[in-house]
Amino acid sequence: MADHDRSRDAAKVRRFEHPGRGRVRVRPVPKGRQVDPRAADAIRALLGDAPRDRDLLIEYLHRIQDKYGQISGANLAALAEAMRLSFAEVFETATFYAHFDVVKEDGKDIPTLTVRVCDSLTCALFGSEALLGKLARELGPGVRVVRAPCVGLCDQAPAVEVGHNFVPRATVASVKAAVGHKDTHPHVPDYIDYDAYRAAGGYRTLERLRSGALAVEEVLKVLDDVGLRGLGGAGFPTGRKWRSVRGEPGPRLMAVNADEGEPGTFKDQYYLNGDPHRFLEGMLIAAHVVEATDIYIYVRDEYPIARRILANEILKLPPGGPKVHLRRGAGAYICGEESSMLESIEGKRGLPRHRPPLPFQVGLFGRPTLINNVETLYWVRDLIERGVGWWKSHGRNGRTGLRSFSVSGRVRQPGMKLAPAGITVRELIEEFCGGISEGHTFAAYLPGGASGGILPASMADIPLDFGTLEKYGCFIGSAAVVILSDKDDVRAAALNLMRFFEDESCGQCTPCRVGTQKAVVLMERSVWDTALLAELSQCMRDASICGLGQAAANPLISVIKYFPELFPAARPAAAK
């Protein structure tokens, strides 16, 4: 070593006498990334007196992102020090979520205003790809234009997000106007607030339950008798789930899944933005039944209106119940999977957990946890007050109850449609959506969002409900119905969905991470190798950790199966 190198190294250390060890060299500062004092001061001011609990990491990353429009390495390091976490933990969490704009080491700042153009299926049908290109050319260097997955405005496609302000049925002119507007936060529309809800009889059922006038077993019996199932997509019997959580030793928790990220789905947003207390009362009833000490509501970041409404209305809830925590997603579809959501609420990357144990046994913070979807809880009060007969008076084709359908695509009147369970898509289009769009002919439909498969119009008379579509390789899921016409390319629609799954894969397991990527490559070819795609799809189904990888190939397989005219030269799949 050269003398000047030795001198420089010596300057970094000091020596002291250690009892029993003699003279010891100690570095004056720890190795690794150093914290900028200015960044440390800024983070301390930003966090104030808020607790430095590990599970609040994502909330604090949002504070940085909201204030600066980006997250610098200096601020990440300062946040890590403030929360007594390693820089690696903070960095890997921040870079996992799409809505955190982490500045790269080259030091180049990210534009403080980001314009996100939805490129999911319905928006793609209405020209989002061309709109993306025009905006990238015309908005200038001070604005960052990026693709975005579904933002929950499928009935107003194409949708664009400017900051946290949404532009429905977007054009270049309307987006430019939004960019030029100083307020990038959305206007909160009129909704049924606490006073109005209370005046109409709200929270009386909750009060009866808390007072003992309404027994817990009566509530559970109603849920069992009506057959209410989870309306987020899985369809698990609600009464059975509540009983399972009650059977576990306390303390227990509750988590509400409002991370409605399935392309084509926007029903939960409709209820949260219009009648939040009907959902909140159902939530508090559920929490009382399972004796949850705390409730965590996980709202997707693309729903700022719902988040603001809930933040206001939670403060008005009747006293005496569990503590309610509002948590904000950060742009990760995978966090709609229940165990990924739990990881995100804990302030971590949204990686699905291996099972067993199941969340009702070991869930949030290791405690037994009840997990329900927004719409499931929305119906609880009505079911108790109106009774089993009211619910069963609705339904068609041998099915009972009501379903909230998110309808988009080639219909005259898209939107959230409350319709009888078991209705067919043909009936849904004609009776609730004003028919097919002018100049279009009904050709195909998605009965259950991106992962629910694609069926031809010739199969439009299948009742839409749990258990009616599975034999066709499809399912209703969250009841997101997307209508395609003769002017749409079904193969292109399946490719759009597979690209979505490729982008949204968490990357934890190889079958999903590599399988979706490989499927996109194969589907981009002019001629599909249907046998190879079928083999790849089976591998993804069999070996993926969670539902994303297991269901990602459903649209692909259904297109190959039900649209054979698109594959005249396809070689048959190898016999098993």
Label-zone membership for the range 498-516, site ALA543, 7 angstrom Cα→C-beta point, backbone N under 14 Å: 508-516
Computed label-point distance, nm, for sites ARG513 and ALA213 using a 7 Å Cα→Cβ extension: 5.7
Positive dipole terminus of the chain, leading residue within PHE87, LEU113, ILE192 (C-beta point charges): PHE87
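For a Förster distance of 22 Å, can you work out the FRET efficiency between the beta-carbons of TRP390 and PHE236, rounded to the nearest 0.05? The partial results should precede the final answer.
Working: r = 23 Å, r/R0 = 1.04.
With R0 = 22 Å, the Cβ-Cβ based efficiency is 0.45.
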Dipole magnitude (debye, nearest 20) for the chain, charges at Cβ of Lys, Arg, Asp, Glu: 1540
Extension reserve of the ARG525-ASP53 stretch, reckoned as 0.36 nm per residue once the Cα distance is removed: 165.0 nm
Value at 222 nm in deg cm²/dmol, rounded to 500, when DSSP H runs of n ≥ 4 in the chain each add -39,500 (n - 2.57): -12000 deg cm²/dmol
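Provide ARG355, ARG52 ordered by accessible surface of protein heavy atoms (probe 1.4 Å), highest first.
Working: ARG355 105, ARG52 75 Å².
So the residues, ranked largest to smallest area, are ARG355, ARG52.
To the nearest whole percent, what portion of all C-alpha pairs in the range 218-321 is separated by more than 25 angstrom?
Numbers: 1242 of 5356 pairs.
Everything past 25 Å amounts to 23 percent.
Given a Förster radius of 45 Å and the C-beta distance between ASP66 and LYS221 as r, what FRET efficiency does 1/(1 + (r/R0)^6) yield to the nearest 0.05?
Numbers: r = 46 Å, r/R0 = 1.02.
The value I calculate is 0.45.
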Proximal aspartates and glutamates relative to LYS518, as straight alpha-carbon distance under 18 Å, when same-chain residues fewer than 8 apart are discounted: GLU502, ASP503, GLU504, ASP529, GLU535, ASP542
Dipole-positive endmost among LEU220, SER340, ALA421 within the chain (Cβ charges, Cα centre): SER340
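If the limit is 19 Å between Cα atoms, which of LYS108/LYS348; LYS417/LYS471; LYS221/LYS241; LYS267/LYS348 go over it?
Values: LYS108/LYS348 27 Å; LYS417/LYS471 25 Å; LYS221/LYS241 13 Å; LYS267/LYS348 27 Å.
Flagged as over cut-off: LYS108/LYS348; LYS417/LYS471; LYS267/LYS348.
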Summed residue charge, Cβ within 12 Å of SER120's Cβ, Lys/Arg positive, Asp/Glu negative: -3
The range 76-149 - Kirkwood radius from inverse mean 1/r over Cα pairs (Å): 14.5
The chain - Cys residues lacking any other Cys C-beta under 4.7 Å: CYS150, CYS154, CYS335, CYS433, CYS474, CYS506, CYS509, CYS512, CYS539, CYS546
Carbon/sulfur fraction of accessible area - the range 74-136, other protein chains in place, 1.4 Å, %: 53
Vicinal HN-Hα couplings computed from phi for the range 432-440 (Karplus, 6.51 cos²θ - 1.76 cosθ + 1.60; Hz; Gly/Pro x): 10, 10, x, x, 6, 4, 4, x, 10
In degrees, nearest ten, helix 490-504 long axis to first principal axis of the chain (Cα): 30
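Kirkwood Rh over Cα pairs of the chain into Stokes-Einstein at 25 °C, 0.890 mPa s: D in µm²/s?
Details: Rh = 25.7 Å.
Once the numbers are plugged in, D ends up at 96 µm²/s.
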Relative contact order (%) - the range 422-472, alpha-carbon pairs under 8 angstrom, separation at least six: 42
Note, ³J(HN,Hα) from phi for the range 554-562, Karplus 6.51, -1.76, 1.60, rounded to Hz, x at Gly and Pro: 4, x, 4, 5, 5, 5, 4, 6, 9
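Leaving out ligands and nucleic acids, note down the accessible area per residue over the range 423-554 with a 1.4 angstrom probe, in whole Å². Working shown, then result.
Working: 4750 Å² over 132 residues.
Per-residue value: 36 Å².
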Cα-based reach from LYS176 at 20 Å (exclusive), listing lysines while leaving out same-chain residues under 8 positions away: LYS134
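I want the local charge near GLY140. Using Cβ-Cβ distances under 14 Å, sum +1 for each Lys or Arg and -1 for each Asp or Glu among the other residues. Let's see the in-between values first.
On the way: positive: LYS134, ARG137, ARG144, LYS176; negative: GLU138.
Surrounding charge for GLY140 is +3.
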Angle between the chain longest axis and helix 87-96 axis [Cα atoms, degrees, rounded to 10]: 30
Angle between the chain longest axis and helix 276-290 axis [Cα atoms, degrees, rounded to 10]: 80
Simple spin-label estimate for GLU248 and THR171 in nanometres, 7 Å along Cα-Cβ: 5.3
For the range 264-392, fraction of C-alpha pairs farther apart than 19 Å, in %: 52
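The values are calculated or read from the model by the stated rules, or taken from the named source; none is laboratory data. Since we're looking at a predicted model, the values are computed, not measured. Cβ atoms come from the backbone with ideal geometry, glycine included; neighbour counts cover every protein chain shown. Heavy atoms of the whole protein, side chains included, go into the accessibility calculation; ligands, DNA and RNA do not. Shrake-Rupley method; radii C 1.70, N 1.55, O 1.52, S 1.80 Å.
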